[in-house]
Amino acid sequence: MIKNLFKYPTTYLFTVIILYSVYDYFEHIGRSGSTFEEHPLYWLLFSVAGVLSFIIIVLLVKNTIQRIFNHKNLIIEVIAIGSWLALYISMLGPMNNKLFWSFDNLYFRFSFGPFLIILVGYFTIRIIINLILRKKALYSK
């Protein structure tokens, strides 16, 4: 079953996000004298909530759109990631802040420039990877 998971390109994305989140968690709690260092369990809850929301929303949006249009495409993946990012910045992040991180007020503000850069960057990297693997440019499984 695990072998089959790695046939899906989004699994690699999720792996990168999880690895980066582990690094980010330890980087934050390693800051001497910080609120993160004082409350590592709460920061862990906040971080896990963010990663789980990413995985669940991206899979849910991607699979829903693919079923509706009966088509698999890289653009659908980008739409799913963009949906999570917009939801996280506008609702989920502030909600997680209230639920899990009441020690500081974390800053969440939607800015179209970085939002677009993230999506275009992901799209471009995936096209390059698809071409290197000799798949169609917009391949998505």
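A short reminder: the numbers here are calculations on the coordinates, not readings from a lab. In this text, all values refer to a predicted model and were calculated from it rather than measured experimentally. Glycine gets a Cβ as well: all are built from the backbone with ideal geometry, and neighbour counts include every protein chain shown.
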GNM flexibility winner over the chain from P40, P114, P94 (Cα, springs under 10 Å)
P114
Measuring from centroid to centroid over Cα atoms, what is the spacing of the stretch 10-68 and the stretch 96-112 in Å?
14
Go ahead and estimate [θ] at 222 nm for the chain from helices alone: -39,500 (n - 2.57) per DSSP H run with n ≥ 4, summed, over the residue count, rounded to 500.
-23500 deg cm²/dmol
If Y20, Y88 are placed from fewest to most neighbouring beta carbons inside 10 Å, the sequence is Y20, Y88
What is the Cα coordinate range of the chain on the first, second and third principal axes, sorted by size from largest, in whole angstrom?
50, 29, 28
